[in-house]
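This is the structure I have questions about; it appears just below.
All of the numbers you see were taken from the coordinates with simple rules; none came from a lab. Everything numeric here is computed off the predicted structure, so don't read it as measured data. Methodologically, a virtual Cβ is constructed for each residue, glycine included, from the backbone with ideal geometry; neighbour enumeration extends over all protein chains shown.
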Amino acid sequence: MAAVREIKARGVVEPGDDDAVELAKRHLVQPWPYAGSVGAEARALIGEGEGIYITDASGKRLIDGPAGMWCINVGHRREELARVMYDQAMALSYNTPWYTMNAPSAELARRIADAAPGDLSHTFFTTGGSSAVETALRFMQFYNNVRGRPEKKLIISRGGAYHGSTYLSASLNGRPRDRHWMDGADELVIKLSSPDPFRRPKEMSIDAFTDFLVDQFRDTVARVGAGRIGAFVGEPVQASGGVVVPPDGYLKRIREICRENEILYVSDEVVTGFGRLGHLFASGDVFGLDPDMITFAKGVTSGYFPLGGVIISERLLEELRRSNHPDALFGHGLTYTSHPIGCAVALKNLDLLEEGVLQHAREIAPYFQARLKTLEELPLVGEVRGAGLMACVECVADRESKDPLQLDKDVGKRIDAHCHELGLLVRPLINMCVMSPPLIISREQIDDMVAILREGISRTMDDLRKEGVWRG
C-alpha cells in the first residue's frame, strides 16, 4: 500500500483504479468513436509494458501484437530511453523553435540525413505522422508558388491508403469508411487503384496488374495535365490498408513518371521507417527509391515521445534559395517542432536500432513471415501477406470469390477478443488482423503469437458456424 500511495503522490494513476473506466466514460473522448458512444465509452485499460508484452487492468499478460500502433519498435520499458527523457528534461525541457534552436534536433537531423536515400538532407520535425504528411503537402504548395506554378497543386493518392487525421492528410486516405461522415479537400486529391495483388481481377497476372497500375497513373497525368499535379504520396507498404505489399518494380516505375513530369514523390514511411522492414528507411534499402520527400514518425522514438518529420531533397531547397523570391515565407510551424526531449529520445533510439535491433529484425523477419503463412491452412483465411515485421491475415467468406462482405463485419474483432483471452493483442481491421510486434521479438515468442492467433481464428470459425453466418 505504501508503494501505491507513493505512485499516486507522483500523479500516476494505477491501472487497477476502480474509477478509471467511469472517468473515461464521463470525460474522455476516444479516437475514431461512433456517434452513438462518443464521449461515453471506455476501452481496454492497459497498465504496464515490458519487452514485447503489455499487461491489462486484470493483470493478464499479452503479447503486444501491433507494437502499440506500429511504433514500440525497441520494446516496452527500455530504461535507456526513460533516462534520456529525464536527463533532457532536466537540462532543457523546451525551447521555442520560432527564434531559438536546440542541439539534439541538429544532431538528429544530421543522423537522419546520413541514413536517408538520395539527396534527402534536411528534416523539418513535427509531432507525429499526420503533421509530417501535412507539412510535406504544404511544402509542395509553397515550392510551386515560389517557382511560379500556383496551379500545380493536385495530389495523387491511392485506394487503401492511410496518411493521417489532419484535414489535408486525411483527404488522401483511401479507405471508404474513414470518409463516409467526414469532410475533406476532395478538390485537391485524385485517388487511383490500390496496388493490392490479392484484389486484382481473377484472370489478371501480377505482371499485367503492375502494368495496369502504372498505365493508370500515366494516363491520369496525361488526362489531368502534369502542370496541375504537384505530388504523388504513397506508403511503400500500405499499412492500415491491410499491409498491402505492392508488386515488384511498381513503385520505381511510378517514381520515374513523377520525375519525368516534375511531380514530387512523397514516400510516407510513418510505419515502414526506423526498422519495421529491417532498415532505417525502406524507400531506398528495400524498394530502390530516391523520393523527393520522406515522412516519418512512430518508430523514430519507438513511441516513447510524440515526434515525426519530413526529410526534404537538397535539390528542392537549392531551387528555392535560387528563386526570384528570397523573401517568400514558408508560413508553417508547430509549437513542438524540434522538441528537445523528443529529439534526444530519438537519438538514443537510433543507437539501440543500429546496435543490433535492425540486424535482429532482418534476420528474424523470414521466420516471422513463414510461421504466419501457415495460417493459410485455415479455411477462413484468404491470404497472409507481409514484409519485414509487419503482416496481415485477411479473412474471406470463401477463397474463390475472396468476398469479405458475407462474413460478420466484426470478424477481426471476434478474433481479437479470443486472442486477448488467450494472451495476445491483435489489430483488428474489419475482416483483417494486422500483426506488427516489437522488433526484438524472438523465435519462441513468434511461435507463441502464431499459436494463439491460430486458436483465436479457429474459435471464431466455430462461432460463425454456430450462428449460421459462415459454413466454411
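What fraction of the DSSP beta bridges in the chain is antiparallel, stated in percent and rounded to the nearest 5? Walk me through the numbers on the way to the answer.
Numbers: 32 of 48 bridges.
Rounded to the nearest five, the antiparallel share is 65 percent.
Taking the number of other C-beta atoms within 10 Å as the exposure measure, put MET449, MET461 in order starting with the fewest. All intermediate terms of the calculation are to be shown ahead of the outcome.
Numbers: MET449 24, MET461 20.
Ranked by crowding around the Cβ, least crowded first: MET461, MET449.
Distance from the Cα centre of the range 302-335 to that of the range 209-280, in angstrom?
Comparing the Cα centres of the range 302-335 and the range 209-280, I get a distance of 21 Å.
I need the shape label for the chain. Rule: rounded when a/c is under 1.5, else prolate if a/b > b/c, else oblate, with a, b, c from the alpha carbon gyration tensor. All intermediate terms of the calculation are to be shown ahead of the outcome.
Details: a/c = 1.68, a/b = 1.14, b/c = 1.48.
Since a/c reaches 1.5 but b/c is at least a/b, the shape of the chain is classed as oblate.
Something else now. Using modelled backbone amide H atoms (1.01 Å from N, in-plane), which distant-in-sequence or interchain residues come within less than 5 Å of ARG158's amide H?
Close amide H contacts, sequence-distant or interchain: LEU192.
For the range 430-472, what Kirkwood radius comes out of the mean inverse Cα-Cα distance, in Å? All intermediate terms of the calculation are to be shown ahead of the outcome.
Working: mean 1/r = 0.0827 Å⁻¹.
For the range 430-472, inverting the mean 1/r across all distinct Cα pairs yields 12.1 Å.
Could you calculate the contour length gain from ARG83 to TRP98, that is, 0.36 nm times the residue separation minus the distance between their Cα atoms, to one decimal place in nm? Walk me through the intermediate numbers first.
On the way: separation 15, 0.36 × 15 = 5.40 nm, distance 2.77 nm.
Fully extending the segment from ARG83 to TRP98 adds 2.6 nm.
A further question on this structure: Provide the gained length on full extension for the span GLU318 to GLU256, in nm with one decimal, where the gain is 0.36 nm per separating residue minus the Cα-Cα distance.
On the way: separation 62, 0.36 × 62 = 22.32 nm, distance 2.14 nm.
Residue separation times 0.36 nm, minus the Cα-Cα distance, leaves 20.2 nm.
If you don't mind, another one. What order do you get for GLU48, GLU203 when you list them from fewest to most C-beta neighbours inside 10 Å? Present the calculation step by step, with values, prior to reporting the outcome.
Working: GLU48 13, GLU203 6.
Listed from fewest to most nearby Cβ atoms, that is GLU203, GLU48.
So how do LEU213, LEU45, LEU320 line up by other beta-carbon neighbours within 10 Å, fewest first? Before the final figure, lay out the partial values.
Details: LEU213 24, LEU45 15, LEU320 18.
Ranked by crowding around the Cβ, least crowded first: LEU45, LEU320, LEU213.
If you don't mind, there's one more thing I want to ask. How big is the shadow of the Cα convex hull of the range 81-352, averaged over all directions, in nm²?
Numbers: hull surface 58.9 nm².
Dividing the Cα hull surface by four gives the mean projection, 14.7 nm².
Another question, if that's okay. Starting from the 7 Å offset along Cα-to-Cβ, what nm value, one decimal, do you get for the label separation of GLU467 and PHE142?
Once both label points are built, they end up 5.0 nm from each other.
Which links in LYS298/LYS413; LYS25/LYS298; LYS152/LYS298; LYS153/LYS402; LYS202/LYS409; LYS373/LYS466 stretch past 32 Å when you go from one Cα to the other? Please list the in-between numbers first.
Details: LYS298/LYS413 24 Å; LYS25/LYS298 28 Å; LYS152/LYS298 30 Å; LYS153/LYS402 37 Å; LYS202/LYS409 23 Å; LYS373/LYS466 27 Å.
The pairs that break the limit, which is 32 Å between Cα atoms, are LYS153/LYS402.
Further question: Can you give the convex hull volume of the alpha carbon atoms of the range 159-269 per residue, in Å³?
Details: hull volume 11.8 nm³, N = 111.
Spelled out: Cα convex hull of the range 159-269, divided by residues, is 107 Å³.
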